[in-house]
Amino acid sequence: MTRTPIVLTCGDPAGIGPELAVKAWNILRNELVFFWIGDPRHLPTGSRFVEISKPSDAAAAMQTGLPILPHRFTALATPGVLDPRNAQDVINVIDQAVQLANTHQVAGICTAPIHKKNLQDGAAFQYPGHTEFLADLANVKDAVMMLVSPSLRVVPATIHIPLSEVSRQLTPALLTQTIQITAQGLKDHFKIQTPRIAVAGVNPHAGEGGKIGSEDLDLITPILERLNDQPAILTGPHSADTLFHAAARQHYDAAIAMYHDQALIPIKTLDFDQGVNLTLGLPFIRTSPDHGTALDIAGRGIANPGSCVAALRLAEELGQKR
């Protein structure tokens, strides 16, 4: 194996990230090259791993054990028990992965789940989530979260904000930018030259002609009309409750939802164990499993590695193309 490796960050060590890394290595060791940045003490007892000193050593180590670029954390980790003392180390690992991507030592980044409140409590983390932090590290103002699975690609226009804030933050500039970045991402990453993008309404029944809210008529419709000359096929606003069934999904390459749960509920319902978070708009490839830290099952050995494996595979596929 001589391909440029993918880096997998450790995420919060109290969650399922460490055990998923080992499970993913067992599944993928003959398929692709990746290494883990984290503290070996946080891995499940008896895990096979090889410490490496630089990313290019990962290929030679893959057959022996999970390649690890070690990062010593402040404290040991107890599965299921958050420790704010480790918060800054979690942040530092993400920063290190971005530095490796920026210097072309890795083909892409796959991030294990973080626990945002623990980062806020332990390190005064100022970002709503992973996506916003990575965008800041990359000096990118606008990044878009695309959820990808074999059944669906969907993008939330607003992400980690309260539902009560959606209408206020859903501006013409934001929606226009989201549509344009999504279209470009479909072209760049999935080689779809004329993307078909379905845009959901923000209100029930897409506002029902203005009877159930005005945003669909006053905000979304004018933007779609104005962008109709773009090299993409835009439709909507669609009623979100009829946008995600099997027949509807045949008519678009990606859907744009107006808020977090409008996007994540359908993809997690359709493909909970195969969904991947792909960040569009960054100067490097970044994927992540589409689930959280799962503190309730951490350390029990029952975590399903499907989404982590899918995220590593997508990072590898897109990274090698790039």
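The values are calculated or read from the model by the stated rules, or taken from the named source; none is laboratory data. Small disclaimer: the values here were computed from a predicted structure and weren't measured. Here the Cβ positions follow ideal geometry from the backbone for every residue, glycine too, while neighbour counts run over all protein chains shown. Keep in mind that these areas ignore ligands, DNA and RNA; they rest on the heavy atoms of the full protein, side chains included. Shrake-Rupley method; radii C 1.70, N 1.55, O 1.52, S 1.80 Å.
Quick rundown of the values:
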{"item": "Label-to-label distance, nm, for residues given as ASN92 and SER53 (7 Å Cα→Cβ offset)", "result": "2.0"}
{"item": "For the chain, fraction of C-alpha pairs farther apart than 26 Å, in %", "result": "46"}
{"item": "Listed peptides 152-163, 15-26 by packing density, highest first (mean Cβ within 10 Å)", "result": "15-26, 152-163"}
{"item": "Subset of LYS117/LYS268; LYS141/LYS187; LYS54/LYS321; LYS141/LYS211; LYS116/LYS268; LYS54/LYS141 violating a 25 Å alpha-carbon distance limit", "result": "LYS141/LYS211; LYS54/LYS141"}
{"item": "Most to least packed among 135-141, 28-34, 224-230 [average Cβ atoms within 10 Å]", "result": "28-34, 135-141, 224-230"}
{"item": "Cα-based convex hull, the range 1-100, per residue volume (Å³, whole number)", "result": "81"}
{"item": "Solvent-accessible area, 1.4 Å probe, carbon plus sulfur percent, for the chain", "result": "50"}
{"item": "Accessible area in square angstrom per residue, the range 1-131, 1.4 angstrom probe", "result": "40"}
{"item": "Relative contact order [Cα under 8 Å, 6+ residues apart], the chain, whole percent", "result": "24"}
{"item": "Local net charge near ASP89, Cβ-Cβ under 15 Å (Lys/Arg +1, Asp/Glu -1)", "result": "-2"}
{"item": "Crossing angle, helix 260-271 versus the chain [Cα axis fit, 0-90 degrees, rounded to tens]", "result": "70"}
{"item": "By average C-beta atoms within 10 angstrom, highest first, the peptides 231-239, 209-217", "result": "231-239, 209-217"}
{"item": "Per residue Cα convex hull volume in Å³ - calculated over the range 149-223", "result": "115"}
{"item": "Accessible area (Å², per residue) of the range 268-322, counting only protein heavy atoms and a probe of 1.4 Å", "result": "39"}
{"item": "More than 28 angstrom apart: percent of Cα pairs within the range 104-246", "result": "27"}
{"item": "Alpha carbon centroid spacing (whole Å) that separates the range 197-212 from the range 157-192", "result": "16"}
{"item": "Contour minus Cα-Cα distance for ASP261 and ASP142 (0.36 nm per residue)", "result": "40.8 nm"}
{"item": "Projected-area average for the range 188-310 over all orientations - Cα convex hull basis, square nanometres", "result": "9.7"}
{"item": "Relative contact order [Cα under 8 Å, 6+ residues apart], the range 229-309, whole percent", "result": "21"}
{"item": "Cα long-axis angle, helix 306-321 against the chain (0 to 90 degrees, to the nearest 10)", "result": "80"}
{"item": "Evaluated over the range 181-228, the Cα radius of gyration and Dmax, each in Å", "result": "13.4, 39"}
{"item": "Alpha-carbon centroids, the range 98-141 and the range 219-242: separation in whole Å", "result": "31"}
